[in-house]
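Read the structure below first, then the notes.
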Amino acid sequence: MPWKETCVMDERLLLVALYREGIPMTDACRRAGVSRKTGYKWIARFAAQGAAGLADHSRARHVQGRRTSEDVVKRLVALKRKHMGWGPKKLVAVLRQQEPEIAWPAPSTVSEILKVQGLVKARKRRLKVPLYLSPLQPCDAPNDVWTADFKGQFRTGNGVYCYPLTIADGCTRFVLGCEAFVQVNHCYTQPGFQRAFKKYGLPKTIRTDNGPPFANRGLGISKLSMWFTKLGIHHERIEPGHPEQNGRHERMHKTLKADTTKPPARTLRGQQTRFDRWLQEFNYVRPHEALDQRPPADLYRVSGRAFPRTLPEVVYPTDFTVRKVRQNGSIKWHSKLIFTSLALVHEPVGLERIDEQRWRVYFAQRPIGILDEHLNKVLPM
């Protein structure tokens, strides 16, 4: 026996027909499968508009009191077309200044209007450096924590860009290095740290921001931070947008800028000469208020951990599963290639089982991610 197929419109017409034949409203509504209240609504609509009144009506409000007027939309669109680089906040600020008597919409509303008008392009989602979630280490003694950063770049007198790498001891404020580089990359930065390590020994921790060459997108590890890990140095990163977590270093940068770059030297070599002279004065002559008006050199002591001639071999506990990272940054896992990081190419990683489907991935003593067998992917910590 075939199913009896009906539509909503048929049921409403049936209700009207039954009612007009004199069937009591209760019985008519029961046969149509609706409540008495709904039944009376459809009878009233049929009486007023005929069969057309039984069609579904829009549920939108008849009057949208907060809808932005067409004139305001036109003004916003015109100003945006004139200044395509301006965002909603700037557009609203300018229009409010020009005509404060008009109730201009909020920037969030303006953003939606511009999207509808096709004047805003969706930003391409970028892979971000994962957050460093562990608490920052205290700076209680020399070499507990070294801080490092690149001071903002500037041009020397001959037009060459200068990128100063600065390294300082967090406890004593002693500046361990200030070198003028022409680029910010691993090839320049690692030798700069190596010179500091050979002269002053190794710290327990190095604190940096989240930019290259200190960290990369994906798992966050970079060739430089991997090198720190091999040396037994803990690498920690401040939160994005929170330079105050490296406030002592930022304050030192302010002094460095005022003393050596106004105006810059004519050449990069001349700028390095200025940095070297400033370093001697800052460390050995200039009194520091936070150090009871003593220079940093009075308190700093060279680390007892010397820089090794050769890097120690990376080893893992016997209960770890070890895989070597291939040329494309992947490891072989259960007949599948799973990407880790290009910074780890040719390096061994250790995997510690968490449960049936997840493994914690380590490089040396540093956890770098979670391998999820269900997703066939290494997720950042």
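Rule-based calculations on the coordinates, nothing more; no lab input. Note that the coordinates shown come from a computational prediction; the quantities given were computed from them, not determined experimentally. When we count neighbours, we look across all protein chains shown, and the Cβ atoms used for this are built from the backbone with ideal geometry, even at glycine.
Observations on the model:
- FRET efficiency, residue 185 to residue 327 (Cβ-Cβ, R0 25 Å, nearest 0.05): 0.75
- Loop-resident GluC sites (Glu not before Pro) (DSSP state other than H, G, I, E or B) in the stretch 279-381 with no more than 15 further Cβ atoms inside 10 Å of their Cβ: 313, 356, 373.
- Segment residue 93-residue 335, length gained on full extension (0.36 nm per residue, minus Cα span): 81.3 nm
- Put in line by how crowded their Cβ is, counting other Cβ atoms within 10 Å and starting with the fewest, 86, 146, 278 read 86, 278, 146.
- Once you reduce the stretch 14-33 and the stretch 62-121 to the center of their Cα atoms, the two points are 53 Å from each other.
- With respect to the chain, whose longest principal axis is taken over its alpha-carbon atoms, helix 186-200 is tilted by about 40°.
- Additional length obtainable on full extension of the chain from residue 112 to residue 27, 0.36 nm per residue less Cα span: 25.6 nm
- Sorted fewest first by neighbouring Cβ atoms within 10 angstrom, 188, 300 come out as 188, 300.
- Sequence-distant contacts, meaning Cα pairs under 8 Å at least 6 residues apart, place the relative contact order of the chain at 11 percent.
- When you restrict to C-alpha pairs under 8 Å that are six or more residues apart and normalise by the size of the stretch 321-380, the relative contact order lands at 25 percent.
- Size-normalised alpha-carbon gyration radius of the stretch 70-116, reference 2.2 N^0.38 Å: 1.00
- In terms of overall dimensions, the C-alpha atoms belonging to the chain reach 106, 66, 40 Å along their principal axes, ordered largest to smallest.
- In the chain, taking the dipole from charged Cβ atoms about the Cα centre, the farthest positive-side position among 258, 363, 215 is held by 258.
- Contact order, relative form, for the stretch 284-338: 15 percent (alpha carbon pairs under 8 Å, 6 or more residues apart, mean separation divided by residue count).
- Ordering 182, 145 by the number of other Cβ atoms within 10 Å of each residue's own Cβ, fewest first, gives 182, 145.
- Gap separating the Cα centres of the stretch 249-280 and the stretch 219-233, nearest whole Å: 29
- Lysines with Cα under 28 Å of residue 37, excluding same-chain neighbours fewer than 8 positions away: 4
- Within the chain, DSSP assigns beta bridges of which about 85% are antiparallel (rounded to the nearest 5).
- When each of the peptides 203-216, 15-28 is scored by how many other beta carbons lie within 10 Å of its residues on average, the order from highest to lowest is 203-216, 15-28.
- Taken over the stretch 321-380, the convex hull of the Cα atoms encloses 74 Å³ per residue.
- Total lysine pairs under 25 Å (Cα atoms) in the stretch 145-298, excluding pairs fewer than 8 apart on one chain: 15
- Sorted largest first, extent of the stretch 221-338 alpha carbons per principal axis (Å): 61, 35, 32
- Förster radius 25 Å - calculated FRET efficiency between residue 377 and residue 236 (Cβ-Cβ, nearest 0.05): 0.50
- Taking the helices alone, the chain has a mean residue ellipticity at 222 nm of -10000 deg cm²/dmol, built from -39,500 (n - 2.57) per DSSP H run of at least 4 residues and averaged over all its residues.
- Cα-derived Rg over Rh, computed across the stretch 145-298 with Rh taken as Kirkwood radius: 0.95
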